[in-house]
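Taking it in order: structure first as C-alpha cells, then the write-up.
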Amino acid sequence: MKSISIVNLKGGVGKTVTAVNLAAILATDYEKRVLLVDVDHQGNASRYCGVNTEERGGLAALLTGGAVCYDEVVEMATMSGVDVIPADMSLATLGVDGGYTSQMAVRAMRDLRDALVEDDAYDVMIFDCPPAFSPASIGAIAASSDVIIPLRIGRFEIEGMDELIEQIESVRKINPATRIAGALLTMWHNSPVQRDGEEYIRETCPVRVFRTMIRRTDKVDEAVFARKAVAEWSPTSAAARDYRAWVEELMEVLENGKEI
C-alpha cells in the first residue's frame, strides 16, 4: 500500500483540492481502493467529500483511543471509490497541553497504516495535512511512503520552501524510507511573473518539480461547491486535464521509481 502526504506550511496553495482530486482520479481512472485521511482540524477535505464530521468522531478519536479500529471512523465520500477518515476541531487541541505528543501520533499513524496493510483494505492512503507541523501531521508524514508539496508560484511560498523541506527532513529521521516525491505547481496562469517564477523554481528547487502544472480555473471552485472531483464536474477543463496528466506522471514515480 502506498501512503502519500500532501504537505505545505503555507495555506491557500491547493493542498486539499490536490488531495481530494488525487484520491478521486486514482479511484476512478486507476481502480485503486483509496482512503483519504483528513489531518487538518478545519476539516475542509471532509466537507469537500460530503462527510459529516460530527457523527462518529474521526481522526482525533482514532489517535487518542476513542476509536479502537479504523473502520469505526471511516465514512464514504461523494466521490466513487473513496473512503474518508474525517477531521474536526478536536484535532486542534491535540498536544496543546503537552499531554499528547508527536511520538504518540507517530505510533498511532503507523498502527493505522499497518492495520490497513494487514487487512489488505486499501491500495492507497492519502493524508491531507494542515499548514503546520502538528503532532497529527508529523505522524502522517512519518507513516508515509511519499510526500507531495503543492506549491503556488509566489514570493512567500518560494521563500518558505527551504524551511518546509528542512522540517520534512527532520521527520524523515523517524522514517528514512519516506521520500519527497516532488513539488507540484498549482494555480498556474500564463503571465510573465508566473513564467519567471516557474523557471526560477525549476532551476533552484532542491527536490524534483513535476513537469505537469495545475492551471488556475473557476471550475475548481465550482467542483468544490458541488462536492465533486473536478474531473467529474468539468472533465475537459484545464484543471481536470492537468490533474489527470499529473496523476499519470505521479504513477510513474510511485510504481517505477522513474526520475523526472
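Annotations for the structure displayed:
- When the solvent-accessible area of segment 195-260 is split by element, carbon and sulfur atoms take up 46 percent of it, the probe being 1.4 Å.
- Loop-located trypsin sites (Lys or Arg not before Pro) in segment 171-260, at most 12 other Cβ atoms within 10 Å (DSSP): Lys173, Arg211, Lys258
- Segment 144-209: C-alpha gyration tensor shape, a/c 1.5 cut-off, then a/b vs b/c: prolate
- Label-to-label distance, nm, for residues given as Arg227 and Glu169 (7 Å Cα→Cβ offset): 4.3
- The Cα center of segment 100-121 and the Cα center of segment 142-185 differ in position by 21 Å.
- Computing Rg and the Kirkwood Rh from the Cα coordinates of segment 1-91 gives a ratio, Rg/Rh, of 0.95.
- Added length on full extension, which subtracts the Cα-Cα distance from 0.36 nm per residue, Met1 to Glu203: 69.5 nm
- Tensor-based shape of segment 110-260 (alpha-carbon gyration tensor, a/c under 1.5 rounded, otherwise prolate or oblate): oblate
- Solvent exposure of the chain amounts to 45 Å² per residue of accessible area, where only protein heavy atoms count and the probe is 1.4 Å.
- Among Ala143, Ala87, Ala121, residue whose mean-square fluctuation peaks in a GNM of the chain (springs only between Cα atoms under 10 Å): Ala121
- Shape category assigned to segment 1-158 from the gyration tensor of Cα positions, a/c cut at 1.5: rounded
- For segment 63-150, alpha-carbon Rg relative to the globular expectation (2.2 N^0.38 Å, N residues): 1.09
- Considering only Gly182, Gly12, Gly99, the mean-square fluctuation computed in a Gaussian network model of the chain, springs between alpha carbons under 10 angstrom, is largest for Gly99.
- Antiparallel content of DSSP bridges confined to the chain, in %, to 5: 5
The values are calculated or read from the model by the stated rules, or taken from the named source; none is laboratory data. Model, not experiment: these values are computed from the prediction. Virtual Cβ from ideal backbone geometry, glycine too; neighbours counted across all protein chains shown. These area figures cover heavy atoms from the full protein model, side chains too; ligands, DNA and RNA do not enter into them. Shrake-Rupley method; radii C 1.70, N 1.55, O 1.52, S 1.80 Å.
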